[in-house]
Amino acid sequence: MRIFSGIQPTGRKHLGNYVGAIRQYVDGQDRGEAIYCIVDLHAITIPYQPAELRANVLDTTAVLLAAGLAPEEGRCILFRQSDVEEHTELCWLLSAVTAHGDLNRMTQFKEKSAKQRELVSAGLFFYPLLQAADVLAYRAEEVPVGEDQRQHIELMRDVAERFNDRFGDTLVVPRHRIPDVGGRVMDLQTPDQKMSTTAASDQGTLYVTDTDDVIVKKVKSAVTDSGSDVVRGPGKEGISNLIEVMAVLRGTAPEDVEREFAASGYGDFKGAVAEAVVETIAPIRDRYLELAADTGRLERILAEGAERARAIASDTLAEVRRRMGVGPPD
């Protein structure tokens, strides 16, 4: 089985990124042929600084390696999206079988475009189609993502099916892999919104680079309701989020967490959650600090990964071009 997923090099990585995607990337190395991409071309669809983008690509690479990706051992392929030009050409070719209305309905496009004060780029509109090309170029069967990417996976499935119906069976129709628990970690201060690097305050986001003391302080300051029962339910978004976090980090069910802390108050429970988060993040953070300093090694890993990725994507693109009648005949 071939597995593919991409991750944005925007901002510092946080617990939501780890739970929703990175943890799945690491597990994927033992389940199939794993291919992972740092999507810098997606990152330029909103305002950004070029130097900061390049730095963020290497920073994200270091986080992924620290979390357990092992491209140097041959367990996965890790590369920078812009190093493999097949992605952008395939995106354009797939536009021939993509409906304008489908892209216009994308929830993420509506949300992100509404936040832009000046230019809403065409790239932001085409974002889901480039994402489809990212996956379809490798004929991947599985895409590990967070809950917020479900709509985009459905679009790429539709695109692949339309292409195959029109030009013949060429592309693999992928399926998503979304965690049953913790697929969408929420902000600690505004638990009705997902954890994000663009939140109004850093206090609601648990970064991979946070110290142990900072993690404990943020978790203990998490917004909860006026009750004291450690249970999920309407009006208990804050405590529900912490229960989900504890469950996913322990590899157990939320119901088990509720039973274990049935006699505890919010204070004791928050302390336990903070401890679980520290146990997860601390070793990743320490390894990251070692890796981030060796930029030469990071660039070498990305370059080697791009070469391996290009060998796969070029075969797919050649077949797509042939099927569509683009370019010279064989």
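The values are calculated or read from the model by the stated rules, or taken from the named source; none is laboratory data. Every value quoted in this text rests on a predicted model; they were computed, and no experiment measured them. A quick note on method: Cβ atoms are made from the backbone with ideal geometry, for glycine too, and the neighbour counts reach across all protein chains shown. Just the protein is used for accessible areas: all its heavy atoms, side chains included, with ligands, DNA and RNA removed. Shrake-Rupley method; radii C 1.70, N 1.55, O 1.52, S 1.80 Å.
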Relative contact order as a percentage, segment 148-217, C-alpha pairs under 8 Å and 6+ apart, gives 18 percent
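What is the extension gain from residue 228 to residue 166, computed as 0.36 nm multiplied by their sequence separation minus the C-alpha to C-alpha distance, in nm to one decimal?
Values: separation 62, 0.36 × 62 = 22.32 nm, distance 5.83 nm.
Working it through step by step, the gained length comes to 16.5 nm.
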Number of Lys pairs in the chain closer than 19 Å at Cα, excluding neighbours under 8 places apart unless interchain, is 16
Expressed in nanometres to one decimal, the distance between label points 7 Å along Cα→Cβ at residue 203 and residue 279 is 2.8 nm
Taking 310, 297 and ranking on accessible area (1.4 Å, protein atoms only), highest first, one gets 310, 297
Rounded to one decimal in nm, the spacing of the 7 Å Cα→Cβ label points at residue 85 and residue 72 is 3.1 nm
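When the accessible area of segment 115-161 is split by element with a 1.4 Å probe, what percent falls to carbon and sulfur?
Values: 900 of 1900 Å².
Summing carbon and sulfur atoms, their accessible area is 47 percent of the total for segment 115-161.
Share of Cα-Cα pairs in segment 44-93 beyond 18 Å, in percent? Mind dumping the intermediate values first?
Numbers: 590 of 1225 pairs.
Result: 48 percent of Cα pairs exceed 18 Å.
Going by average Cβ density within 10 Å per residue, which order do the peptides 219-230, 111-122, 38-49 take, highest to lowest? The partial results should precede the final answer.
On the way: 219-230: 16.5, 111-122: 11.2, 38-49: 18.3.
Ranking the peptides 219-230, 111-122, 38-49 by packing returns 38-49, 219-230, 111-122.
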Sorted largest first, the Cα spans of segment 36-195 on the principal axes come out in Å as 46, 44, 36
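May I ask you to compute the full-extension gain from residue 297 to residue 121, defined as 0.36 nm times their residue separation minus their alpha-carbon distance, rounded to one decimal in nm?
Numbers: separation 176, 0.36 × 176 = 63.36 nm, distance 3.39 nm.
Here the answer is 60.0 nm.
Please tell me the relative contact order of the chain in percent, rounded to the nearest whole number, where contacts are Cα pairs under 8 Å and at least six residues apart.
Details: 515 pairs, mean separation 75.5, N = 330.
Reported as a whole number, the value is 23 percent.
Kindly state, to the nearest 0.05, the FRET efficiency for residue 330 paired with residue 30, given R0 = 51 Å and r defined as their beta-carbon distance.
Working: r = 38 Å, r/R0 = 0.75.
The pair residue 330/residue 30 has a calculated efficiency of 0.85.
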With -39,500 (n - 2.57) per DSSP H segment of 4 or more residues and division by the full residue count of the chain, the 222 nm estimate, nearest 500 deg cm²/dmol, is -16500 deg cm²/dmol
Given 4 °C, 1.567 mPa s and a Kirkwood radius over Cα pairs, the Stokes-Einstein diffusion coefficient of segment 259-330 in µm²/s is 74 µm²/s
Highest mean packing first, using Cβ neighbours within 10 angstrom, the peptides 184-192, 146-154 sort as 184-192, 146-154
Farthest towards the positive end of the dipole of segment 266-330, among 292, 320, 306 and with Cβ unit charges of +1 on Lys and Arg and -1 on Asp and Glu, lies the Cα of 320
Simple SL model, points at 7 angstrom along Cα→Cβ for residue 103 and residue 253; separation in nm is 4.4 nm
Hull volume per residue for segment 20-108, using the convex hull of the C-alpha atoms, in Å³ is 142 Å³
SASA check, residue 302, accessible area w/ 1.4 Å probe, all protein chains in place, rounded to nearest 10 Å², comes out at 0 Å²
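Helix hunt in the chain: which complete DSSP H runs extend at least 15 Å axially by C-alpha with mean Kyte-Doolittle at least 1.0? List each step's numbers first, then the result.
On the way: long enough: 50-67 (26 Å, 0.81); 122-136 (21 Å, 1.34); 150-167 (26 Å, -1.13); 237-250 (20 Å, 0.89); 266-292 (37 Å, 0.18); 295-324 (41 Å, -0.49).
For the chain, where a helix must reach 15 Å along its axis and average at least 1.0, the hits are 122-136.
Using r as the Cβ-Cβ distance of residue 192 and residue 220, and R0 as 22 Å, what FRET efficiency do you calculate, to the nearest 0.05?
Numbers: r = 20 Å, r/R0 = 0.92.
Working from the Cβ atoms, E equals 0.60.
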